[in-house]
Amino acid sequence: MTRPTVIGVTGGIAAGKSTVLGLLREHGAETIDADAIYHDLISPGGGLVEPIVQRFGAHVRSSDGAIDRRALAGIVFADAEALDDLDLITHPTVVKIIQDHIAFSVAALIAVDAVKLIESGMHSLCDAVWLVTCDPAVQKARLMARNELTELEADFRLAAQLDESYRRQHADVVIDNSGDRTSLKRQVDVALTLVKQLPKC
């Protein structure tokens with residue numbers, strides 16, 4: 001069986017990765033959302049619920065048995081060490097699920113959406129890494145609107161993001177999502193043409 005071509009799509013929170021994934025789906029790509037996998041794992045009965053509760057306390061467990069994402073976010077986005085601990089708990093499980101998904105997929109093209117694609121080591125599974133960037137003011141406005149956050153909450157989350165210069169060092173393509181959908185689509189089309197010319201990892 002021929003291995004799929006795998007594109008890793010990363011970038012800061014609310015930069016527009018999901019929009020890029022949607023455009024890749026229009027090109028026939030199978031998409032994997034690392035955040036959606038994580039959400040499943042912290043849902044009632046999910047495999048990461050107990051490890052997270054053990055590290056951060058019973059108050060991060062909601063009444064239905066899931067992890068209270070807002071309560072957990074209030075801790076980890078205000079404490080870099082706590083965020084590192086959360087990553088150590090979550091990354092190995094999420095990466096293994098994605099690795100297995102790629103291994104058994106029959107798709108010709110797979111796109112993996114992950115904020116921490118590089119930090120978690122998932123970029124090693126990819127043939128190309130796309131970095132989605134955005135004007136900081138636009139990014140903050142999108143984040144506040146999407147997650148219903150106050151300006152202070154948005155600032156905390158943005159401050160916890162990895163410096164973009166580090167991601168740029170690992171990116172094969174940089175896509176600027178500060179403009180309109182037409183501009184974004186044009187960039188995706190060009191980047192996809194380049195990916196098809198790359199040797200698989």
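The residues of the range 167-188 that are touching a helix residue (DSSP H, G or I) at 6+ places or on another chain (Cβ under 8 Å) and either of a type outside the set (K, R) or modelled with pLDDT under 90 (or both), listed by number, are H170, D172, V173, V174, I175, D176, N177, S178, L184, V188. Taking residues in the range 107-136 that are among the small types (G, A, S), and partners anywhere that are buried (at least 24 other Cβ atoms within 10 Å of the Cβ) and in a loop (DSSP other than H, G, I, E, B), the pairs with Cβ atoms closer than 8 Å and at least 6 places apart or on different chains are S120/A114. For the range 146-189, a tally of residues being surrounded by fewer than 12 Cβ atoms within 10 Å (Cβ to Cβ), farther than 30 Å from D79 by Cβ and β-branched (V, I, T) returns 1. Might you let me know whether the range 8-26 holds any residue that is out of contact with any strand residue (DSSP E or B) (no Cβ under 7 Å at 6 or more places or on another chain), free of Cβ contacts under 8 Å to residues at least 40 places away in the same chain and on the phi < 0 side of the Ramachandran plot? Yes: one or more hits. Regarding the range 56-70, can at least one residue be identified that is surrounded by 20 or more Cβ atoms within 10 Å (Cβ to Cβ), under 19 Å from the mean Cα position of the chain (by Cα), assigned to a helix (DSSP H, G or I) and in contact (Cβ under 8 Å) with a residue 24 or more places away in the chain? Checked against the condition, which is being surrounded by 20 or more Cβ atoms within 10 Å (Cβ to Cβ), under 19 Å from the mean Cα position of the chain (by Cα), assigned to a helix (DSSP H, G or I) and in contact (Cβ under 8 Å) with a residue 24 or more places away in the chain, the range 56-70 yields no hits at all.
When each of D79, D64, D87, D68 is tested for being acidic (D, E) and under 17 Å from V115 (Cβ atoms), the lone residue that passes is D87.
Note on the range 131-158: residues that are part of a helix (DSSP H, G or I) and among the acidic types (D, E) total 3. Screening L88 against (1) in contact (Cβ under 8 Å) with a residue 40 or more places away in the chain; (2) loosely packed, with under 13 Cβ neighbours inside 10 Å leaves a single unmet condition, (1). Taking the range 71-107 as the range and being in a helix (DSSP H, G or I) and of a type in the set (D, E) as the test, the residues that pass are E81, D84, D85, D87, D100.
The values are calculated or read from the model by the stated rules, or taken from the named source; none is laboratory data. Just so it is clear, the model here is predicted, and its values are computed rather than measured. Because the Cβ atoms are built from the backbone with ideal geometry, glycine has one as well, and the counts that use them run over all protein chains shown.
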